[in-house]
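> There's a structure below that I have some questions on.
The values are calculated or read from the model by the stated rules, or taken from the named source; none is laboratory data. What you see is a predicted model; the values in this text were computed from it and never measured. Neighbour counts run over all protein chains shown; Cβ positions are idealised from the backbone, glycine included.
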Amino acid sequence: MPRNRTRTHVSSKRAHERTSPRSTSNSFRCVHCRLDVSLDAPGTSHRNHCPNCLWSRHLDNTPGDRAADCGASMSPIAIHVRPNGEWSIVHRCAACDTLDVNRIAGDDNPLSLMRLAVAPLAQPPFPLDWFGRL
Ligand SMILES: [Zn+2]
Ligand SMILES: [Zn+2]
């Protein structure tokens, strides 16, 4: 594979090597479930989260730029639905509390996505039998 000597590519490659010494530059190891994930994601130009557990890492300031110095893990905290019906995942950084919104990929685990989407309904802030009094 030809070496690309641009700054962005080199720092991105180092970031991957720090946590996944066995991976190639075309994959990364998930910070949460340790799955080895190919960077090729159906439906998006670059993969930014694990298709199994949906966790991400704080590597970008804007999607794909790899300019963030943080590098901490980002937990999926909510599903956002865009006006066109497309789903996105809201990620929050465990270290600096930055919020990011990332498009889902075609091979994201549907069970993980649905579990995230219904989480507020599974833990309502009031008893559900209050509906009988409305
Ligand atoms: Zn994972
Ligand atoms: Zn961060």
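> Please go through segment 29-53 and give me each residue that is surrounded by 19 or more Cβ atoms within 10 Å (Cβ to Cβ), near ligand 1 (Cβ under 10 Å from one of its atoms) and more than 13 Å from MET74 (Cβ to Cβ), ordered by number.
Scanning segment 29-53 gives VAL37, PRO51.
> State which residue is nearest to ALA67 (Cα to Cα) when the search covers only segment 92-125 and only residues that are among the small types (Gly, Ala, Ser) and within 16 Å of ligand 1 (Cβ to nearest atom). Walk me through how you get there before you give the answer.
Filtering segment 92-125 down to residues among the small types (Gly, Ala, Ser) leaves 94-95, 105-106, 112, 117, 119, 122.
Narrowing further to those that are within 16 Å of ligand 1 (Cβ to nearest atom): 94, 105, 112.
Values: ALA94: 18, ALA105: 22, SER112: 28 Å.
Filtering segment 92-125 for residues that are among the small types (Gly, Ala, Ser) and within 16 Å of ligand 1 (Cβ to nearest atom), the one nearest to ALA67 (Cα to Cα) comes out as ALA94.
> Select, from GLY71, GLY106, GLY85, the only residue that is touching a residue at least 40 places away in the same chain (Cβ under 8 Å) and on the phi > 0 side of the Ramachandran plot. Quick ask: steps written out before the conclusion?
Details: GLY106 fails: on the phi > 0 side of the Ramachandran plot; GLY85 fails: touching a residue at least 40 places away in the same chain (Cβ under 8 Å).
Result: GLY71 is the single residue among GLY71, GLY106, GLY85 that is touching a residue at least 40 places away in the same chain (Cβ under 8 Å) and on the phi > 0 side of the Ramachandran plot.
> Considering only segment 59-83, state which residues are touching a Cys at 6+ places or on another chain (Cβ under 9 Å) and at pLDDT 95 or above.
Of everything in segment 59-83, those that are touching a Cys at 6+ places or on another chain (Cβ under 9 Å) and at pLDDT 95 or above turn out to be CYS70, ALA72, SER73, MET74, SER75, PRO76.
> Taking ALA94 as the residue in question, decide whether it is within 16 Å of ligand 2 (Cβ to nearest atom) and farther than 24 Å from ARG34 by Cβ. Lay out the reasoning, then the answer.
Values: within 16 Å of ligand 2 (Cβ to nearest atom): yes; farther than 24 Å from ARG34 by Cβ: no.
In short, no.
> Can you tell me which residues in segment 54-91 are away from ligand 2 (no atom under 16 Å from the Cβ), in a loop (DSSP other than H, G, I, E, B) and surrounded by fewer than 18 Cβ atoms within 10 Å (Cβ to Cβ)?
GLY64, ARG82, PRO83, ASN84, GLY85, GLU86
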